[in-house]
Structures are given as structure tokens and as C-alpha cells.
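> Sending over a structure as C-alpha cells; questions will come in a sec.
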Amino acid sequence: MFSAPGLAAIGAGLVVIGAGVGIGRIAGSAMDGISRQPEASNKIQTAMIIGAALIEGVAFFCAVLCLLALNK
Amino acid sequence: MSSAATDASQAASSGGQDVSAYVIHHVGNSDSWHPLPGVGVPLGGDFHLFGIDLGLSLHALMLLIAGGIVFLLFGILYKKQSDRAPSGITNMLEALVLFVRDEICVNYIGEKDGKRLAPFFLNFFFMVLVLNLMGLIPLFSTATANISVTMGLALITLTMMIIGGIVKNGLVGFFQLFLPPGVPKAVYIILFPIELMGLFIKPFALTIRLFANMLGGHIVIFSLLGLIISFGWFGVPSLALALFVFFLELLVAFIQAFIFTMLSAMFVGDMMHPSH
């Protein structure tokens, strides 16, 4: 019913959902924090980038797995 | 291996079937360098040492060229002017160096050790930055989209984490880093292996992040251009999209160099000055 490229594409879509929710939450909370305390925006931005990078790392790991499944 | 031009015509003749194979082939490593369509420079080093292939490959050549560019920037083009404000390329380099030293090294490792280790992390930053940017210039290939290259960089970070931890805390103190205080003794049986695994997972995450970011971006650009092969003239508007992704890649090249350096500094700093 499903072909391997199709399943890999669905997997990539699921990865995007997870990473999007994660990074969206981080960015939203950072916006909240910055608007409450604009003077702390530098520290908040650095922490936000670190968190986003960690989530992005996991998401890319899954994307690579999808790519490997695609080439099977 | 055939040249890039014949590859493209083959892909065009057999429709979109070969586009994905063509894309994968072009972001991968190979034994020859194609600076221009139809021009192939064989690097063909069939040099084996202890059973390991040490011949020059495309990405190894890119690493050498990047090293040459970094040397050119700092060894020749950089002019130290202590009597007046720097200008031109010296100004740009000093701004980047100061950023890495103050915002990354001193911030995450501490005032004294940060300044001592700054050259180490500056090497990371400029090497990764030059490699990333070289991948966006048509002549060259992206060495950071090769997992072996990023793993080599991350192994340097791992070595620095272990050496820094042992030098700063002693051999016993180094292993106490994996036994965080404030938990019941019985929990250490589970916690110690997990913390020890964390030592190796951190460089692994660094490896995957840089590799997948660069590979992913280039595959997106190539795939958008591949739409032209699949759809003919109707695919031409995807050029604009490819251009947009290209500029995004320019940003990503800087961000990934920054993130790689910053996370390395953070990991090394955690091993040298444990907060817990």
C-alpha cells in the first residue's frame, strides 16, 4: 500500500511537525520574556538559539534517517 | 566517472527518475573535482596506509583549500595596526575574532581559561565558516556536508573536553563529574552510565547537526533546481525559490559556524568548571 519513498516523505512531515512545535514554543516563550524584560534580550536570545539548535539537531537526525530510508 | 554535463543530459533524457540520484551524487564525496561543467580534474590518489585509503578526495582537497584561505586571511591579508583604527579586511576579521573571544569563549569557559582557549575555538569558527561558505561558491564542494569531516571536528571537541576536564579537575575529579551531587547513592548505579554516555552523545549531536544542516540545505537547493528537469519550462519559477534558499543558506553558514563553536565552548566549559 505504501512505497518506501512515500513513507520516508510522511516521516519527514512528522519530523517537521515535532520540530516546528518545539522551536515555536521556544521562540514564543522567548518573545514573552523579551517583551517583559527587554534589557535581558541578549541572554534570552542566546539561550533561545541554544535550545533551538538542540531541537534542530534531533530533527535533522530524523531527517537523515528519512533520507537513508528513501535511498534504500 | 562521467562529467557533470553528460550527467545532466542523462538526467534530462530519462525525466525526473534520475534527479534524486543526481542530487545525491553531487552532494557526496568523489575522486575527482569538476570546477566547471565538462571539466574534470582527477585527484585519483590510490594511496593506502595500514589498510586505510588516504588518497586525496574531493572533500579532502576542499579542507586543504579552506586551510589555505584561512592562512591567507590571517597570515597575509591581516595587518595589525596598533596606532590607529583598523580598516578594510582587518576590521572585519577583528570584529569576528572579538565576537568569538568575548561572546563565546569568555562567556562559557570563564575569563582566564576562555582567553587561553580562544585560539582553539577561533580555529573551529573560521574553519567551519570558510568550509560552509565555500560550499555556496559554484567552483567548490561542501566538505561540511560530509559526515567524516564533521565527525573529525567533533572528535577534536571530545578530546578537548576530556583533556580539559582532567587538567582542571584531576583524574579523580574528572570521574566525579559523572556523579552529580545531591542524589541518593543508589541512583548513581543508573546515573553514572547515563552521564558517561552523555560525554559521547554531545560530540555525536555536534556531528549530526552540522552535517545534516549543510547536507539538507544543499539538497533543498538542488531539488528546487531539479524541478526544472522534471517540469521543463514550467519549473523555471523555482529558480526564484532556489535563490531564496541560497540566501537562507548564507545565513545558515554563519549560524552553524557560530552554533558549532558555541556548543563546543559550552561542553568544554562544563567539563572544566562543573556548575553542579
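The values are calculated or read from the model by the stated rules, or taken from the named source; none is laboratory data. Bear in mind the structure is a predicted one, so any value in this text is a computation, not a measurement. Glycine gets a Cβ as well: all are built from the backbone with ideal geometry, and neighbour counts include every protein chain shown.
> Of all residues in the stretch A:35-65, which are over 22 Å from B:LYS202 (Cα atoms) and either crowded, with 17+ Cβ neighbours inside 10 Å or touching a Leu at 6+ places or on another chain (Cβ under 7 Å) (or both)? Break it down stepwise before answering.
Filtering the stretch A:35-65 for residues over 22 Å from B:LYS202 (Cα atoms) gives A:35-44.
Once the filter is applied, which keeps residues that are over 22 Å from B:LYS202 (Cα atoms) and either crowded, with 17+ Cβ neighbours inside 10 Å or touching a Leu at 6+ places or on another chain (Cβ under 7 Å) (or both), the stretch A:35-65 yields only A:ILE44.
> Residues being within 25 Å of B:ALA257 (Cβ to Cβ) and either facing chain B (nearest Cβ under 9 Å) or modelled with pLDDT of 90 or more (or both): count how many of those fall in the stretch A:53-72.
11
> Quick check on this structure: which one of B:PHE247, B:PHE222, B:PHE258, B:PHE231 is modelled with pLDDT of 90 or more and either within 14 Å of chain A (Cβ to nearest Cβ) or under 23 Å from A:LEU67 (Cβ atoms) (or both)?
On the way: B:PHE247 fails: either within 14 Å of chain A (Cβ to nearest Cβ) or under 23 Å from A:LEU67 (Cβ atoms) (or both); B:PHE222 fails: modelled with pLDDT of 90 or more; B:PHE231 fails: modelled with pLDDT of 90 or more.
From the options B:PHE247, B:PHE222, B:PHE258, B:PHE231, the qualifying one is B:PHE258.
> Exactly one condition in (1) within 14 Å of another protein chain (Cβ to nearest Cβ); (2) under 22 Å from B:PHE254 (Cα atoms) is false for A:ALA8; which is it?
(2)
> Taking the stretch A:35-72 only, how many residues are of a type in the set (Lys, Arg) and free of Cβ contacts under 8 Å to residues at least 60 places away in the same chain? Break it down into steps so the answer makes sense when it comes.
Filtering the stretch A:35-72 for residues of a type in the set (Lys, Arg) gives A:36, A:43, A:72.
If we keep only those that are free of Cβ contacts under 8 Å to residues at least 60 places away in the same chain too, we end up with A:36, A:43.
Summing the residues that are of a type in the set (Lys, Arg) and free of Cβ contacts under 8 Å to residues at least 60 places away in the same chain in the stretch A:35-72 gives 2.
> Name the single residue, out of those in the stretch B:139-165 being hydroxyl-bearing (Ser, Thr, Tyr) and within 27 Å of B:VAL41 (Cα to Cα), that is surrounded by the fewest Cβ atoms within 10 Å (Cβ to Cβ). I'd like the intermediate steps shown before the answer.
We begin by selecting, within the stretch B:139-165, every residue hydroxyl-bearing (Ser, Thr, Tyr); these are B:141-142, B:144, B:148, B:150, B:157, B:159.
Checking which are within 27 Å of B:VAL41 (Cα to Cα) leaves us with B:141-142, B:144, B:148, B:150.
Values: B:SER141: 26, B:THR142: 26, B:THR144: 30, B:SER148: 14, B:THR150: 27.
Once the filter is applied, the top-ranked residue is B:SER148.
> Does B:LEU227 satisfy being of a type outside the set (D, E, K, R), without any contact (Cβ under 8 Å) to a residue 60 or more places away in the chain, buried (at least 16 other Cβ atoms within 10 Å of the Cβ) and in a helix (DSSP H, G or I)?
Yes.
> Please verify whether the stretch B:167-174 includes one or more residues that are in contact with a Gly (Cβ under 6 Å, 6 or more places away or on another chain), at pLDDT 85 or above, more than 30 Å from A:LEU67 (Cα to Cα) and not in a loop (DSSP other than H, G, I, E, B). Give the derivation first.
In the first step, residues of the stretch B:167-174 are kept if they are in contact with a Gly (Cβ under 6 Å, 6 or more places away or on another chain); the result is B:174.
Pick out the ones that are also at pLDDT 85 or above and you get B:174.
Still in the running and more than 30 Å from A:LEU67 (Cα to Cα): B:174.
This time we only want the ones that are not in a loop (DSSP other than H, G, I, E, B), so: B:174.
Scanning the stretch B:167-174 turns up at least one residue that is in contact with a Gly (Cβ under 6 Å, 6 or more places away or on another chain), at pLDDT 85 or above, more than 30 Å from A:LEU67 (Cα to Cα) and not in a loop (DSSP other than H, G, I, E, B).
> Could you tell me which of the residues B:VAL41, B:VAL19, B:VAL23 is modelled with pLDDT of 70 or more and over 27 Å from A:VAL64 (Cα atoms)?
Values: B:VAL19 fails: over 27 Å from A:VAL64 (Cα atoms); B:VAL23 fails: over 27 Å from A:VAL64 (Cα atoms).
When all the criteria are applied, what remains is B:VAL41.
> Given B:VAL268, B:VAL236, B:VAL252, B:VAL220, which one is of a type in the set (Val, Ile, Thr) and crowded, with 20+ Cβ neighbours inside 10 Å? Don't jump to the end; show me each part of the working.
Values: B:VAL236 fails: crowded, with 20+ Cβ neighbours inside 10 Å; B:VAL252 fails: crowded, with 20+ Cβ neighbours inside 10 Å; B:VAL220 fails: crowded, with 20+ Cβ neighbours inside 10 Å.
Answer to the check: B:VAL268.
> Further, regarding this structure: Could you please let me know if B:SER238 is of a type in the set (Ser, Thr, Tyr) and within 14 Å of chain A (Cβ to nearest Cβ)?
Numbers: of a type in the set (Ser, Thr, Tyr): yes; within 14 Å of chain A (Cβ to nearest Cβ): no.
Criteria not met by B:SER238.
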